[in-house]
Amino acid sequence: MSPPGERDPRPVAAIFRTPVFNPTERFIQDQAAALTRWRPLVVGLERKGEVLPILREGMILPAGTADRLLFSARGRGGGIEARLRAAGPRLIHAHFGTDGLKVLPLARALGVPLITHLRGYDVTLSKAALIGSGRPTWIRYALGRAKLMRGGDLFLAVSDALRARAIALGYPAERTRTHYNGVDLDRFHPGEGPREPGLVLHVGRLVEKKGTAVLIEATAGIEGARLIVIGDGPLRGALERQAGPSVRFLGALPSDEVASWMRRASALAAPSLTAADGDAEGLPNVVVEAAASGLPVVATRHSGIPEAIIDGETGLLVPEGDSAALADGLGALLGSDDLRSAMGSAARRLAEERFDRTRLTARLEAIYDEVVGSVPNVCCSGPA
């Protein structure tokens, strides 16, 4: 970062997300904020939540309703395009396929490459489910994603499993790569104090694919187990009615508070499953954060989760939707200090080797360099 008053000489990467940002999307902000050789410039259509201080400078949002509607309809134009053109980005990095399709016309107008991060529902939801959602952006994506597949310069999937599904869907194999979300190894780290006996942690948006209902059923049969649920979502009311007195719902919490709970818990449960509409995970960030925290995980063999858990070494894997197997796994961890300690240490080593954000940021910036090097930089030379 340049000293105050001096122009930042780093090339600009426009980080595009329609909502800036949903509360559950801290991972997008963290990834952008970690850039060192490139300067992130956040671009979006609505301010939805808190933005990290390092990302607020120069942030581009619509000047008003007319500006937002114009861009939503055309994918370019108005004050957003004018301001971004003046900033001279070398590339656009969109998050989720829905936003990649939305911003494709802008990338073409500016003559810069478009990188689209594929993260889950944008690959796993069926065309019928996307259309049936009633969301205009999802419907447009369902009907027009072939255009993104043809026109996007590079696609990054958050796991090998999601990459395989993306290619099966029609994304070009030669332009679709795996790039994991990194974890801040300083924020998520093992604590020095003792962990609380019987404390099981579950973190995620309360939707069907997180498997929370299966987890509540599983923990009900484990003597001495206490379940802490962090997160919010449309199923919270139903889940609270299902839960007994040993379950506490804390709602959505800041990342630092989640990290603190991970240092207190004895195990984390990530019983993800494929929802009725096909919605599935890419690779839940909470699994990687738990590994960095030295917290063993019991999770399902679902999507990219086995890429972050070595079964029997850093955690335990069970079948999707199997509450009995989930209870057995959690019971085994909660019943053995030695097993938890060994798996927690192995999980931390795995996080350091495979998911270190510093290392993955360097890899992402190398991808930026490569993509820009393969596309002539003609940004901002034409009419607005």
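Would you mind stating whether Arg90 is surrounded by fewer than 24 Cβ atoms within 10 Å (Cβ to Cβ), in a helix (DSSP H, G or I) and in contact (Cβ under 8 Å) with a residue 24 or more places away in the chain? If you could, list the steps in order and put the result at the bottom.
Numbers: surrounded by fewer than 24 Cβ atoms within 10 Å (Cβ to Cβ): yes; in a helix (DSSP H, G or I): no; in contact (Cβ under 8 Å) with a residue 24 or more places away in the chain: yes.
So Arg90 fails the test.
Would you be able to say whether some residue in segment 16-28 is over 23 Å from Tyr121 (Cα atoms) and in the same structural domain as Arg140 (by TED's automatic domain parsing)? Break it down into steps so the answer makes sense when it comes.
Let us first name the residues in segment 16-28 that are over 23 Å from Tyr121 (Cα atoms), namely none.
The answer is no, given that none of the residues of segment 16-28 is over 23 Å from Tyr121 (Cα atoms) and in the same structural domain as Arg140 (by TED's automatic domain parsing).
Regarding Asp277, is this residue in contact (Cβ under 8 Å) with a residue 24 or more places away in the chain, within 23 Å of the chain's Cα centre (by Cα) and assigned to a loop (DSSP other than H, G, I, E, B)?
Details: in contact (Cβ under 8 Å) with a residue 24 or more places away in the chain: yes; within 23 Å of the chain's Cα centre (by Cα): yes; assigned to a loop (DSSP other than H, G, I, E, B): yes.
Yes: the conditions hold for Asp277.
Would you mind stating whether Arg163 is in contact with a strand residue (DSSP E or B) (Cβ under 7 Å, 6 or more places away or on another chain), among the charged types (D, E, K, R) and either in the same structural domain as Pro271 (by TED's automatic domain parsing) or not in a helix (DSSP H, G or I) (or both)? Even if it seems obvious, please write down each step before you answer.
On the way: in contact with a strand residue (DSSP E or B) (Cβ under 7 Å, 6 or more places away or on another chain): yes; among the charged types (D, E, K, R): yes; either in the same structural domain as Pro271 (by TED's automatic domain parsing) or not in a helix (DSSP H, G or I) (or both): no.
In short, no.
For the list (1) part of a helix (DSSP H, G or I); (2) at pLDDT 95 or above; (3) touching a Lys or Arg at 6+ places or on another chain (Cβ under 8 Å), I need the number of the one condition that Ser72 fails.
Among (1) part of a helix (DSSP H, G or I); (2) at pLDDT 95 or above; (3) touching a Lys or Arg at 6+ places or on another chain (Cβ under 8 Å), the lone unmet condition for Ser72 is (2).
Can you name every residue in segment 185-215 that is without any contact (Cβ under 8 Å) to a residue 60 or more places away in the chain, more than 13 Å from Gly231 (Cβ to Cβ) and assigned to a loop (DSSP other than H, G, I, E, B)?
Within segment 185-215, the subset without any contact (Cβ under 8 Å) to a residue 60 or more places away in the chain is 186, 192, 194, 206, 212-213.
Filter again for more than 13 Å from Gly231 (Cβ to Cβ), leaving 186, 192, 194, 213.
Hits for segment 185-215 are Asp186, Glu192, Pro194.
Condition check: among the aliphatic types (A, V, I, L, M), in a loop (DSSP other than H, G, I, E, B), modelled with pLDDT of 95 or more and under 25 Å from Gly204 (Cα atoms). Does Val51 satisfy that? Show your work before the answer.
On the way: among the aliphatic types (A, V, I, L, M): yes; in a loop (DSSP other than H, G, I, E, B): yes; modelled with pLDDT of 95 or more: yes; under 25 Å from Gly204 (Cα atoms): yes.
Considered against the rule, which asks whether it is among the aliphatic types (A, V, I, L, M), in a loop (DSSP other than H, G, I, E, B), modelled with pLDDT of 95 or more and under 25 Å from Gly204 (Cα atoms), Val51 comes out as yes.
The values are calculated or read from the model by the stated rules, or taken from the named source; none is laboratory data. Please read all numbers here as calculations on a predicted model, not as lab measurements. Every residue, glycine as well, gets a Cβ built from its backbone with ideal geometry; the counts of neighbours run over all protein chains shown.
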